[in-house]
């Protein structure tokens, strides 16, 4: 019945998420599986978030707050912005779709890098809009190339900082220069899903650019806050752009459990600190182990590492699955000799290195 699909739908390659643990257990008859594919928080959610969820379960017969009022007020205070600079979504994915709905006309295009987060291209194409791809240079954004690619039909430019899947980042100096060259009718969407993990001193504070640039910043509670299963992300921008987004987003798009969990997580600074410390410790361990193996990798400002295995990455991915370790195959990103590994617990990190050593010897 594909003939019933609107024009272009059948040309879209569906997004392939990381394999679930239970699927790998069933497929390979394994009792123990370690998932290091989806850049999740290995420590789980904040205990305060879990407590808040339990207290809210009795109210599930009620619709959630469609405006995320309490979450909005608390987050605005934390970020030192006004509440009308914020809106929330069912994860950043939904917010990307809202942005395309709110701002792109049928004949307009969006500019993305390659490689970068695949959802930018997939969502724009799903709405029947054109995507213009600018190849990266040495796994870093070619900002000059992206700026030069802008034409009279360009409406959006998507940038992930730090980038997924590379883990590289763009400095404040580079971002400032880039934004200064963007036409007034073009919106830059800055996806900062991993900004909580950044330790680079020249990483930009993009919030200061909100009121004098056409800039939308996307952030999420899925990564550092460990709420990936609840889907809650937020957008920061000037009040006018946020108002446009609110006019097209669905009502009640962030469920009650997600709202109270995110709210409680903001009150748990110790948990966020513990998460950051665990990621830095795990990153240091993995760097050292990969160095001893002579394995090439891309230094990362995130909670994952892109590793060049110097062979077919998909085949290695399969060998790792058989050993009970799920990593991310990079073929969809056209990085055929790479895998991406999430920084996990001490046990998970050791298990990954053990499995990688054995897989590379086959």
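Scanning the range 200-220 for residues that are modelled with pLDDT under 95 and assigned to a loop (DSSP other than H, G, I, E, B), we see that the one that is surrounded by the most Cβ atoms within 10 Å (Cβ to Cβ) is 214.
Tell me, which residue of the range 1-18 that is touching a helix residue (DSSP H, G or I) at 6+ places or on another chain (Cβ under 7 Å) and under 30 Å from residue 278 (Cα atoms) is surrounded by the fewest Cβ atoms within 10 Å (Cβ to Cβ)? Among residues in the range 1-18 that are touching a helix residue (DSSP H, G or I) at 6+ places or on another chain (Cβ under 7 Å) and under 30 Å from residue 278 (Cα atoms), the one surrounded by the fewest Cβ atoms within 10 Å (Cβ to Cβ) is 16. Within the range 121-133, does at least one residue satisfy the condition of being in contact with a helix residue (DSSP H, G or I) (Cβ under 6 Å, 6 or more places away or on another chain), within 26 Å of residue 232 (Cβ to Cβ) and crowded, with 18+ Cβ neighbours inside 10 Å? Yes, that holds for at least one residue. Scanning the range 312-346 for residues that are under 18 Å from residue 21 (Cβ atoms) and free of Cβ contacts under 8 Å to residues at least 60 places away in the same chain returns 317, 318, 319, 320, 323, 329, 339. Residues of the range 29-62 that are over 27 Å from the mean Cα position of the chain (by Cα) and surrounded by 13 or more Cβ atoms within 10 Å (Cβ to Cβ): 30, 56.
Number of residues in the range 319-345 that are in a helix (DSSP H, G or I) and farther than 21 Å from residue 30 by Cα equals 3.
Of all residues in the range 284-318, those that are in a helix (DSSP H, G or I) and surrounded by fewer than 17 Cβ atoms within 10 Å (Cβ to Cβ) total 10. Per this entry, residue 249 is counted among residues that are under 28 Å from residue 105 (Cβ atoms) and either outside the structural domain of residue 332 (by TED's automatic domain parsing) or more than 12 Å from the chain's Cα centre (by Cα) (or both).
The values are calculated or read from the model by the stated rules, or taken from the named source; none is laboratory data. Worth saying up front: this structure is predicted, and the values here are computed from it rather than measured. Using ideal geometry, Cβ is built from the backbone for each residue, glycine included, and neighbour counts are taken over all protein chains shown.
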